[in-house]
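Asks: Structure incoming, see below.
The values are calculated or read from the model by the stated rules, or taken from the named source; none is laboratory data. As the structure is a prediction and not an experimental result, all values here were calculated from the model. Ideal geometry is used to build each Cβ from the backbone, glycine not excepted, and the neighbour counts take in all protein chains shown.
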Amino acid sequence: MKNQFKQLCLLIAALSLCTQAFSQDTAQQAGPVSQAGGEADPVFLFNEICYSQVPDVAAIADMAKRFAWEPMGGDDLQRFTTIKTPSLLEGWDMRLSERIYRIGIVQSEPSDVLIASFPDLADAAATSCSMVLDGQDSAQTIFDRMMTLVGKVPDSQDEPDEELLTTTWSGGNADVKVFVFLKSDRLKRANLINVTIVTK
């Protein structure tokens, strides 16, 4: 089967496509992975797992099962939300090469922070997906890649949030609001990326 596929690639003179296909086939054992430079690109992963999936949390949970991510519980899981009783709260550790990322999904009413900024969303429903990074990526690199992903300048950048700095993008319409957050520390390391979709 692999030989036939290899021959087909040669017949259409697409060696680069063939190489990419073989790499992706291997990568599927761990889950979504960027092929750029042979290393994981956290923003690529965030897009594949969170940004392009929310509010379809079932698709994210299915991905976690298929790729055998390790489920989280207890305080580690609770850190993904400030809501006391969310309708859904799940999280996993995702290992990729020598790196570990944490993925968390939450469905609940909007957070107090969102309601304070957008009072008309108080009765809405929020679906959130977060990716906690491992501290190996510079905040500037992740910011630049997030600018490409979101396609617009942020509403605010590096706003102090306790020990972290938060950059926020927002968009949507009267019925659906989309918020994207990037959190970094004062050592200029990226810590967390989040997308939250709020529907009335």
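Asks: Could you please let me know if residue 149 is surrounded by 13 or more Cβ atoms within 10 Å (Cβ to Cβ), touching a residue at least 60 places away in the same chain (Cβ under 8 Å) and over 22 Å from residue 83 (Cβ atoms)?
Replies: It is true that residue 149 is surrounded by 13 or more Cβ atoms within 10 Å (Cβ to Cβ), touching a residue at least 60 places away in the same chain (Cβ under 8 Å) and over 22 Å from residue 83 (Cβ atoms).
Asks: Among the residues of segment 64-89, write down those that are surrounded by 13 or more Cβ atoms within 10 Å (Cβ to Cβ) and under 21 Å from residue 181 (Cβ atoms).
Replies: 72, 76, 77, 78, 79, 80, 81, 83, 86, 88, 89
Asks: Condition test on residue 131, is it of a type outside the set (Phe, Trp, Tyr) and surrounded by 20 or more Cβ atoms within 10 Å (Cβ to Cβ)?
Replies: Yes.
Asks: So, residue 124, is that one assigned by TED's automatic domain parsing to the domain that holds residue 57, over 19 Å from the mean Cα position of the chain (by Cα), in contact (Cβ under 8 Å) with a residue 40 or more places away in the chain and surrounded by 17 or more Cβ atoms within 10 Å (Cβ to Cβ) or not? Give the steps one after another, and end with the answer.
Replies: Numbers: assigned by TED's automatic domain parsing to the domain that holds residue 57: yes; over 19 Å from the mean Cα position of the chain (by Cα): yes; in contact (Cβ under 8 Å) with a residue 40 or more places away in the chain: yes; surrounded by 17 or more Cβ atoms within 10 Å (Cβ to Cβ): yes.
Here the answer is yes, as residue 124 does meet what is asked.
Asks: Collect the residues in segment 126-138 that are over 22 Å from residue 171 (Cα atoms) and of a type in the set (A, V, I, L, M), keeping them in residue-number order. Working first, answer last.
Replies: Pass one, segment 126-138, residues over 22 Å from residue 171 (Cα atoms): 132-138.
Listed by number, the residues that qualify are 132, 133.
Asks: Output yes when any residue across segment 155-174 is part of a loop (DSSP other than H, G, I, E, B), modelled with pLDDT of 95 or more and either out of contact with any helix residue (DSSP H, G or I) (no Cβ under 8 Å at 6 or more places or on another chain) or of a type in the set (A, V, I, L, M, F, W, C) (or both), and no when none is. Spell out the reasoning first.
Replies: Going through segment 155-174, the residues part of a loop (DSSP other than H, G, I, E, B) turn out to be 155, 162-163, 173-174.
Now restrict to residues that are modelled with pLDDT of 95 or more: 155.
From the residues that got through so far, the ones that are either out of contact with any helix residue (DSSP H, G or I) (no Cβ under 8 Å at 6 or more places or on another chain) or of a type in the set (A, V, I, L, M, F, W, C) (or both) too are 155.
Yes: one or more hits.
Asks: May I pose another question? Of the residues in segment 56-115, how many are without any contact (Cβ under 8 Å) to a residue 40 or more places away in the chain and in a helix (DSSP H, G or I)?
Replies: So the answer is 15.
Asks: Also, I was wondering about something else. Out of the residues in segment 95-110 that are crowded, with 20+ Cβ neighbours inside 10 Å and β-branched (Val, Ile, Thr), which is nearest to residue 47 (Cα to Cα)?
Replies: Among residues in segment 95-110 that are crowded, with 20+ Cβ neighbours inside 10 Å and β-branched (Val, Ile, Thr), the one nearest to residue 47 (Cα to Cα) is 103.
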